[in-house]
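Here's the structure, in structure tokens; my notes come after.
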Amino acid sequence: MAIVNINKNDLANVDFAKKSLRSHFSSLSSDLNRPVYYHIHTYGCQLNESDSEKMIGTLEEVGLQEGTEEQADVIVFNTCAIRENAEDRLFGNLGVFKARKRENKNLLIIVCGCMMKLQENVDRIKKSFPYVDIVFDPQQIHNLPLFMFDKIGRKKQLIDITEEDYIVEDNLLPVKRARKFRALVPIMYGCNNFCTYCIVPYTRGRERSRDFNQIIDELKELASNGYKEVMLLGQNVNSYGKGEGYDKSFADLLRAAAEIEGFSRVRFMTSHPRDLSDEVIDIMATYKNMETHLHLPVQSGSDNILKAMNRHYTRDQYLRTALKFRERLPEGSISTDIIVGFPGETEQDFLDTLDIVNQVKYDSAFTFQYSKRPGTKAAVCPNQVPQDVVTERFGRLLELQNDYVFKSNQAKVGKTEEVLIEGESSTAKDILTGRTRSNHLVNFTIPEDFTINGKLVSPSNSDSGVCADSFEGKLCNVKITHSRPFSIDGVMESIIDG
Ligand code: SAH
Ligand code: SF4
Ligand code: F3S
């Protein structure tokens, strides 16, 4: 399997397809006497969210407007294969589109993302969902216009799954970012780790890093366009630049990102415990715009299970790394991913997991019940753990972990925290929401007499309440007054920038 670097010339036919689509949708819009709408469902991780931002950029470039699922003339399902329930959701949702397809003869149904890299899912679509128009894999989002152009005017389902792994630099694709203050920036694609439970190496292909200078150019442009938070993305960011022909490491990239003027927060995801370097921890402690939150998925606290998972670290090595981070960044936070019920997991293995939770005291955690992924090594292990045992262990883990989340929130009470404002809270209009450097979720109010540049901004002093838009992306100090099970409350003290 080859890794292919796509350049501008390779996209000439895509550009041609875009042009043709623009005129196609423009005349369709005149015929319908309304805009032509798209709607996109994104499942899974931030890499998928980033891919969707690019597909949305592309769809808008060819003249479509975002609409509801009911309005949509082009509907995209960007799928995830990480666990069985993610897959079930897609097939559940696709069913209703049979009738929609009859009602709207222009409707284009597109299914892409990680699930489509797996033959059994493509076969199921061919057999049970013949009204799906286009199927392609996550490696090929840059080819979306080609597929749409090819499909329009032909009856047959279009299925295109490549064997190749591409690097397409972000500047070659239009991106419409979901948030105006936050930019997701993939720095690498794929994964070579082959953890035995995980489907990602099969869906996303071999690990490949983007060009260092291209990433830095993109980051500089984002900063100059007013983006305040950048999230560097990869399945295994510590491996950035490990391929042939690279002379920069993840630490080099992180440092360069933190040094770019304009970013209030530099974040990254995900760090593999095996190769998190001291240098990276050092950078997190040194630069004031680095988040002080480390996502360090442990998966299990048992050496036997870690070995069977092919994680390449022992519980002691993991603990050393986590505790080193705690020592260097006492105000920082650690989150993790844990799988319960990996094949062969005994009660003692599970107790080892609870023990590591007790030692690291995770500030937050994503906990998962093991899901058998056909094609992975673990799927054929004979000693699968019975569901009732998994459910029972999962409950115990949640109870313990939730207690640490609450304690972590409690420890913030009375402190003044630097918060990056994300917008207005979903529950109340006069409450703003944001995150601390340590990634704690904060809901906070603005005091009655609060002024910015001499103007009162308190919700009760303005007719329309807090204008969340004007605060989005700003940094402020918030005095933490109260803790809840999964968030903290506070009152704004001062605006740091803006
Ligand atoms: N690259 C990241 C993880 C990406 S997948 C890393 O290595 O840390 C996100 C999380 O999904 C994993 O950390 C794991 O906890 C969970 N996961 C992956 N495959 C799974 C499976 N088959 N069953 C249950 N959880 C799984
Ligand atoms: Fe999956 Fe492991 Fe790769 Fe993470 S590092 S994506 S868990 S194979
Ligand atoms: Fe899912 Fe693919 Fe991400 S399997 S978690 S969308 S890389």
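Annotations
- Helices (runs of 4 or more DSSP H) (entirely within the range 235-318) containing at least 1 residues that are more than 28 Å from Thr436 (Cα to Cα): 303-309
- Among residues of the range 235-289, those that are of a type outside the set (S, T, N, Q) and within 26 Å of Pro201 (Cα to Cα), counted: 24
- For Ser29, the conditions (1) away from ligand 1 (no atom under 16 Å from the Cβ); (2) not in a helix (DSSP H, G or I) are fulfilled apart from (2).
- The set of residues in the range 194-219 being away from ligand 2 (no atom under 16 Å from the Cβ) and among the aliphatic types (A, V, I, L, M) consists of Ile215, Ile216, Leu219.
- Filter pass, Ala81 being within 16 Å of ligand 3 (Cβ to nearest atom), in contact (Cβ under 8 Å) with a residue 40 or more places away in the chain and part of a loop (DSSP other than H, G, I, E, B): yes
- Contact annotation: no residue pair with Cβ atoms under 6 Å, 6 or more positions apart or on different chains, pairs a residue in the range 43-63 that is closer than 14 Å to Met148 by Cα and part of a helix (DSSP H, G or I) with a partner that is within 16 Å of ligand 1 (Cβ to nearest atom) and of a type in the set (D, E, K, R).
- For the residues Leu323, Leu329, Leu354, Leu306, the requirement of being surrounded by fewer than 15 Cβ atoms within 10 Å (Cβ to Cβ) and of a type in the set (A, V, I, L, M) singles out Leu323.
- Asn225 of a type in the set (S, T, N, Q) and within 16 Å of ligand 1 (Cβ to nearest atom): no
- Every pair of residues 6+ apart whose Cβ atoms lie under 6 Å, when the first sits in the range 252-275 and is aromatic (Phe, Trp, Tyr) and away from ligand 1 (no atom under 16 Å from the Cβ) while the second is outside any loop (DSSP other than H, G, I, E, B) and modelled with pLDDT of 95 or more: Phe263/Ala223; Phe263/Val230
- Considering residues of the range 414-464 that are of a type in the set (A, V, I, L, M, F, W, C) and surrounded by fewer than 20 Cβ atoms within 10 Å (Cβ to Cβ) only, the residue modelled with the highest pLDDT: Leu441
- Among the residues of the range 357-377, those identified as polar (S, T, N, Q) and either free of Cβ contacts under 8 Å to residues at least 60 places away in the same chain or not in a loop (DSSP other than H, G, I, E, B) (or both) are Asn358, Gln359, Ser364, Thr367, Gln369.
- Residue count for the range 72-101, restricted to those that are over 19 Å from the mean Cα position of the chain (by Cα) and at pLDDT below 95: 12.
- Filtered by the rule that a residue be surrounded by fewer than 21 Cβ atoms within 10 Å (Cβ to Cβ), among the hydrophobic types (A, V, I, L, M, F, W, C) and under 20 Å from the mean Cα position of the chain (by Cα), the range 142-173 gives Ile167, Leu173.
- The residues on offer are Asp337, Asp303, Asp352, Asp316, and the sole one that is within 16 Å of ligand 3 (Cβ to nearest atom) and either within 25 Å of the chain's Cα centre (by Cα) or within 26 Å of Tyr404 (Cα to Cα) (or both) is Asp337.
- Residue check: Gln119 meets all listed conditions (1) under 30 Å from the mean Cα position of the chain (by Cα); (2) closer than 27 Å to Glu53 by Cβ but one, namely (2).
- Look at the range 326-337: where a residue is free of Cβ contacts under 8 Å to residues at least 40 places away in the same chain, no partner that is surrounded by fewer than 15 Cβ atoms within 10 Å (Cβ to Cβ) sits 6+ places away or on another chain with Cβ atoms under 8 Å.
- Flag for Arg177 being under 29 Å from Asn9 (Cβ atoms) and buried (at least 22 other Cβ atoms within 10 Å of the Cβ): no
The values are calculated or read from the model by the stated rules, or taken from the named source; none is laboratory data. In this text the structure is predicted, and so the values were computed from the model without any measurement. Using ideal geometry, Cβ is built from the backbone for each residue, glycine included, and neighbour counts are taken over all protein chains shown.
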